[in-house]
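A short write-up of the structure that comes next.
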Amino acid sequence: DTAVSQTPKYLVTQMGNDKSIKCEQNLGHDTMYWYKQDSKKFLKIMFSYNNKELIINETVPNRFSPKSPDKAHLNLHINSLELGDSAVYFCASSQDPTAEQYFGPGTRLTVT
Amino acid sequence: SQQGEEDPQALSIQEGENATMNCSYKTSINNLQWYRQNSGRGLVHLILIRSNEREKHSGRLRVTLDTSKKSSSLLITASRAADTASYFCATETGANNLFFGTGTRLTVIP
């Protein structure tokens, strides 16, 4: 069974659209994350969600909003997509914020 | 920024040789972790070393940590073609997330 899964794996959309990426973990972890990896492979934390506490990287535009319907899910919603949003987005989870993280396979978002 | 920096950015070695990657960071940490990323895949956790530890082994991996120099190294012994990947260090500082370095791209030539 996949520990951390993301859907879709690929997402191609036009500028201005709104899209969501879903993430689910079946590890029973308490903490989940969203990362953005750009073309230079730099991995940047966007959000972490631990025990209903959302910590936002303040450099992330407010067009990005995480939504957690329950502890096993942390979805990423993006409004008014821009060309610069093109990247690979990774979801991850961990038992707590200090522990090793388990990553999903990534979602490659291409905005045209 | 707490972001770590890996050195070198890219490393190419022959199969069977050892590969050493270094990571430097800026502020105090609780632990430091190393991850591997194969092309087009998510990151995979390799090893975690706590701030009060100096060395840790896992199979062919050896990690050292020098908190006085704010640096860590990852040694892969007897490398294999399958070790070809990008390797990232990540620091845990109590800020509820990890800060990842810029990565080292390792190529092992068969």
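A single member of A:Asn62, A:Asn50, A:Asn57 is more than 27 Å from B:Gly103 (Cα to Cα) and out of contact with any helix residue (DSSP H, G or I) (no Cβ under 9 Å at 6 or more places or on another chain), and it is A:Asn62. Number of residues in region B:76-94 that are crowded, with 17+ Cβ neighbours inside 10 Å and without any contact (Cβ under 8 Å) to a residue 60 or more places away in the chain equals 4.
Taking region A:1-48 as the range and being among the aromatic types (Phe, Trp, Tyr) and within 17 Å of A:Lys71 (Cα to Cα) as the test, the residues that pass are A:Tyr33, A:Trp34, A:Phe47.
Taken as a whole, the condition of being farther than 27 Å from B:Leu32 by Cα and either in a loop (DSSP other than H, G, I, E, B) or out of contact with any His (no Cβ under 7 Å at 6 or more places or on another chain) (or both) applies to A:Leu81. The condition of being surrounded by 15 or more Cβ atoms within 10 Å (Cβ to Cβ), in a strand (DSSP E or B), among the hydrophobic types (A, V, I, L, M, F, W, C) and at the interface with another protein chain (Cβ under 10 Å from one of its Cβ atoms) holds for only one of A:Ala99, A:Ala92, that being A:Ala92. Against the conditions (1) more than 12 Å from every other protein chain (Cβ to nearest Cβ); (2) buried (at least 21 other Cβ atoms within 10 Å of the Cβ); (3) of a type in the set (Ser, Thr, Tyr), A:Thr112 satisfies every one except (2). Just one of the listed residues (A:Leu74, A:Leu54) is farther than 30 Å from B:Gln9 by Cβ, within 14 Å of chain B (Cβ to nearest Cβ), among the aliphatic types (A, V, I, L, M) and buried (at least 19 other Cβ atoms within 10 Å of the Cβ), and it is A:Leu74. Across region B:25-45, the qualifying residues are those that are without any contact (Cβ under 8 Å) to a residue 40 or more places away in the chain and outside any loop (DSSP other than H, G, I, E, B), and the one among them that is surrounded by the most Cβ atoms within 10 Å (Cβ to Cβ) is B:His45. For region B:69-110, a residue qualifies if it is in a strand (DSSP E or B) and more than 14 Å from every other protein chain (Cβ to nearest Cβ), and the qualifying residues are B:Ser71, B:Ser72, B:Ser73, B:Leu74, B:Leu75, B:Ile76, B:Thr107, B:Val108, B:Ile109.
Within the set A:Asp30, A:Asp96, A:Asp1, the sole residue that is over 24 Å from B:Ala90 (Cα atoms) and at pLDDT below 95 turns out to be A:Asp1. Identify the single condition in (1) away from chain A (no Cβ under 14 Å); (2) at pLDDT 95 or above that B:Asn52 does not satisfy, given that it satisfies every other one. All conditions pass for B:Asn52, except number (1).
Scanning region B:96-110 for residues that are surrounded by fewer than 21 Cβ atoms within 10 Å (Cβ to Cβ) and touching a residue at least 40 places away in the same chain (Cβ under 8 Å) yields B:Thr102, B:Arg105, B:Thr107, B:Val108, B:Ile109, B:Pro110.
Put simply, of A:Ile45, A:Ile21 the only residue that is in contact (Cβ under 8 Å) with a residue 40 or more places away in the chain, assigned to a strand (DSSP E or B) and among the aliphatic types (A, V, I, L, M) is A:Ile21. Given (1) touching a helix residue (DSSP H, G or I) at 6+ places or on another chain (Cβ under 8 Å); (2) under 23 Å from A:Glu58 (Cα atoms), identify the lone condition not met by B:Cys89. Unmet condition: (1).
The values are calculated or read from the model by the stated rules, or taken from the named source; none is laboratory data. The shown structure was predicted, so the numbers you read here are calculated from the model rather than taken from an experiment. No Cβ is skipped: glycine too gets one built from the backbone with ideal geometry, and neighbour counts run over all protein chains shown.
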